[in-house]
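Nothing in this text is a laboratory measurement; each read-out follows from the coordinates by a stated rule. Remember, it's a predicted structure, so these values are computed and weren't measured experimentally. In this analysis, Cβ positions are derived from the backbone assuming ideal geometry, glycine residues included, and neighbour counts consider all displayed protein chains.
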Amino acid sequence: MMPRYFLSLRYKDGPQGLAVDEEGDELPDATALQDHVLDTARDLINGNRISGINWRTCAFEVTDETGQVVLTVPFSEAVE
């Protein structure tokens, strides 16, 4: 069984600025997780034109199944 990770989107400060991922994704290891997070960030940057969101200032706060934050990835890393 593969671990499940939740990619919650931080788009502004405070509790109201976090879009929580309720579904999650099963990924085999840390490399696959990193690749998935960066690919997802790139997809959002390139495909979404939601008014009022500066995607380059957003970040994914990745948690594991226990709710522990295991990774924080600023979207700026996806475009470097």
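Computed values, structure above
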item: About the Cα centre, charge dipole magnitude for the chain (Lys/Arg +1, Asp/Glu -1 at Cβ), debye; result: 460
item: Fraction in percent of alpha-carbon pairs per bin - 5 Å, region 4-78; result: 3, 17, 28, 27, 17, 7, 1
item: Relative contact order [Cα under 8 Å, 6+ residues apart], the chain, whole percent; result: 34
item: Per-residue [θ]222 nm for the chain (sum of -39500 (n - 2.57) over DSSP H runs n ≥ 4, rounded to 500); result: -7500 deg cm²/dmol
item: Acute angle (nearest 10 degrees) that the helix 30-47 long axis makes with the longest principal axis of the chain, alpha-carbon atoms; result: 20
